[in-house]
Amino acid sequence: MSNDVVVSARNMTKRFGNTLVFKDVSLDVHKSEVVAIVGPSGAGKSTFIRCINRLHPFDEGTLELLGHRLTGGKAKVPRAVLQDIHTRVGMVFQTFNLFPHLTVIENIMLAPMEVKKMPRAEARERAMALLEMVGLPHKRDIYPKRLSGGEQQRVAICRALAMEPEIMLFDEPTSMLDPELVGEVLGAIQRLAREGMTMLLVTHEMAFAKEVADTVVIMADHEIAEMGPACEVLESPKTERAQQFLSRVLKPEQAADDFVAARTASQGGDR
Amino acid sequence: MHVALHYLGVYGVGALKDIALTIVSTILSIILGVLAAAGRLYGPKALQIAIAWYVEIIRGLPAILQLFIIYFGFDQIGIHFSPLMAALIWLVAYGVGYAVEIFRAGLMDVAQGQREASAALGLSPSTTMRKIVFPQALVAMLPPLTSFVVLQLKNTTLLYLVGFADVMYEARLGVDATNQAGPLYVMAAVVYLIISLVIGRIGMRMERRAAAYR
């Protein structure tokens, strides 16, 4: 982690129509920093990282990344700027979103060939190197449908890395996976972190966030509840909202008991 | 030799005309239909509305009425089309109305996540359409497209009404001349059935190839 700020969000606010998604989000990400964004569903985490590579526009605030300055509102971002951002920021989705009509290796080769005009042979060689890295070279010629979720997600990581991005965004990369497949995907992400990739990661894997992230951001109720060094935030959160969230995810049995107790109490009241 | 068999030759010529007309009108309908579907989905509001109305009108008016308006109606205001020209204009005008809906449904069938993944990789909208969306949409579009081609083939039978000499036209003439309605119409039916079976086969084969990844 260095002092160069590569992503700087200032007071970003996003609405879908009249529904507030998140408000006043300000966040700096330094080169090689790993930022994990955690929090309850519906807090706006996913939408926030989608705003960073401008898959969604945002309404207010500013976003500086990779030398571009984007402002909220209706103003259109020039095509060239958008293209530059998309080329230099990689994204991995919760639902993998591999291209089903292309084989594994074609999925990885497509963008370098189409966007960077890389010769086919070179693109193939690089794709193979990436597949080796995630342990899937033998799957190169099959269609995504035939892969397990964990394999699909590892291919999706390769596909994003093939563009040699400077920043990687992960939108709940393991939420759709069976528990026993989560490890293989987290392993690939951890490896990237060690190699110094700048990353923003939305996740529900608290233990992983603690281990791999430098900074943890807790988003709740459409805003940042707390952020700071990973261990500090996850072990001794200061704000009440953050404590509430963490106690629920870290002690699920306790939360279940509370839930049952609350229900029984309210039903008892009805009768 | 049965009198109906004398008509084999003219049936053959008529069938070739039907096939040619079906192929040409299908190709033109598909090209214009793709453009119109893109306009309907991604074009400016006014264009979207215009195309939506066009579809409603084509779908809502009886086919034969459309043909008569083009052939007889335009004649009244001094624009005279030959039977072939009227046939082609009508089949394409009619075909585009249906093709738009087939393509629109196919394009909408492709998951939004595909477009997002493509955009996130830096692929341009046109490359996304060409390399990602269209190949997947095709799988959903091929079955209705096959039915559409068969429909166009069957529509050609209406053209005898404006004097276009296809199989149906020859059958009518033959029946008038020989009073052999049964054999002559059954022969015509066999001709249309064979052509539509071939179209169905081709469609199935294309479908299998396009859906190989599923």
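The values are calculated or read from the model by the stated rules, or taken from the named source; none is laboratory data. Just so you know, these numbers come straight off a predicted model, no measurement behind them. Every residue, glycine as well, gets a Cβ built from its backbone with ideal geometry; the counts of neighbours run over all protein chains shown. We work out accessible area using only protein heavy atoms, side chains counted, and drop any ligands, DNA or RNA first. Shrake-Rupley method; radii C 1.70, N 1.55, O 1.52, S 1.80 Å.
Key figures for this structure:
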quantity	calculated
Exclusive hit being under 23 Å from the mean Cα position of the chain (by Cα), aliphatic (A, V, I, L, M) and at pLDDT below 90, set B:Leu88, B:Leu61, B:Leu65, B:Leu41	B:Leu41
Of all residues making up the range A:179-207, the number that are in contact (Cβ under 8 Å) with a residue 60 or more places away in the chain and open to solvent by 10 Å² or more (accessible area, probe 1.4 Å)	5
In the range B:110-127, residue nearest to the chain's Cα centre (by Cα) [restricted to those that are facing another protein chain (nearest Cβ under 7 Å) and not in a loop (DSSP other than H, G, I, E, B)]	B:Thr127
Extreme residue, nearest to the other protein chains (Cβ to nearest Cβ), among residues of the range A:68-89 that are of a type in the set (Val, Ile, Thr) and outside any helix (DSSP H, G or I)	A:Val89
Every residue from the range B:11-32 that is in contact with a Phe, Trp or Tyr (Cβ under 9 Å, 6 or more places away or on another chain) and open to solvent by 40 Å² or more (accessible area, probe 1.4 Å)	B:Lys17, B:Ile30
Selection within the range A:100-147 - more than 26 Å from A:Ile85 (Cα to Cα), away from chain B (no Cβ under 14 Å), of a type outside the set (A, V, I, L, M) and not in a helix (DSSP H, G or I)	A:Gly135, A:Arg140
Among (1) away from every other protein chain (no Cβ under 13 Å); (2) part of a helix (DSSP H, G or I), the one test that B:Ala165 misses	(2)
Residue count, the range A:228-243 (criterion: surrounded by 15 or more Cβ atoms within 10 Å (Cβ to Cβ) and assigned to a helix (DSSP H, G or I))	6
Flag for A:Leu177 being away from chain B (no Cβ under 14 Å) and part of a helix (DSSP H, G or I)	no
Test: residue in the range A:166-175 that is surrounded by fewer than 21 Cβ atoms within 10 Å (Cβ to Cβ), out of contact with any Phe, Trp or Tyr (no Cβ under 9 Å at 6 or more places or on another chain) and not aromatic (Phe, Trp, Tyr)	yes
Selection status of A:Ile37, more than 8 Å from chain B (Cβ to nearest Cβ), part of a strand (DSSP E or B), at pLDDT 90 or above and buried (at least 19 other Cβ atoms within 10 Å of the Cβ)	yes
Hits in the range B:33-46 - residues which are open to solvent by less than 80 Å² (accessible area, probe 1.4 Å) and either touching a Lys or Arg at 6+ places or on another chain (Cβ under 7 Å) or farther than 19 Å from B:Arg115 by Cβ (or both)	B:Gly33, B:Ala36, B:Ala37, B:Arg40, B:Leu41, B:Ala46
Options B:Ala177, B:Ala210: the member that is at negative phi, open to solvent by 60 Å² or more (accessible area, probe 1.4 Å) and small (Gly, Ala, Ser)	B:Ala177
Flag for A:His68 being over 20 Å from A:Ala225 (Cα atoms) and in contact with a strand residue (DSSP E or B) (Cβ under 6 Å, 6 or more places away or on another chain)	no
The range A:90-99: number of residues that are more than 8 Å from every other protein chain (Cβ to nearest Cβ) and buried (at least 22 other Cβ atoms within 10 Å of the Cβ)	2
Residues that are surrounded by 14 or more Cβ atoms within 10 Å (Cβ to Cβ) and among the aliphatic types (A, V, I, L, M), drawn from the range B:70-84	B:Ile70, B:Leu84
The range A:48-67, subset within 14 Å of chain B (Cβ to nearest Cβ) and open to solvent by 20 Å² or more (accessible area, probe 1.4 Å), residue modelled with the highest pLDDT	A:Arg50
Subset of the range A:68-81 (residues that are open to solvent by less than 30 Å² (accessible area, probe 1.4 Å) and among the small types (Gly, Ala, Ser))	A:Gly72, A:Gly73
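Residue by residue, here is whether (1) under 27 Å from B:Pro135 (Cα atoms); (2) among the hydroxyl-bearing types (Ser, Thr, Tyr) holds:
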residue	(1), (2)
B:Val3	no, no
B:Tyr11	no, yes
B:Leu16	no, no
B:Leu28	yes, no
B:Gly33	yes, no
B:Gly39	yes, no
B:Lys45	yes, no
B:Gln48	yes, no
B:Ile64	no, no
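Rundown of residues vs (1) aromatic (Phe, Trp, Tyr); (2) in contact with a Ser or Thr (Cβ under 8 Å, 6 or more places away or on another chain); (3) buried (at least 22 other Cβ atoms within 10 Å of the Cβ), yes/no style:
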site	(1), (2), (3)
B:Glu101	no, no, no
B:Gly113	no, yes, no
B:Ala117	no, no, yes
B:Gly122	no, yes, yes
B:Leu138	no, no, no
B:Pro144	no, no, no
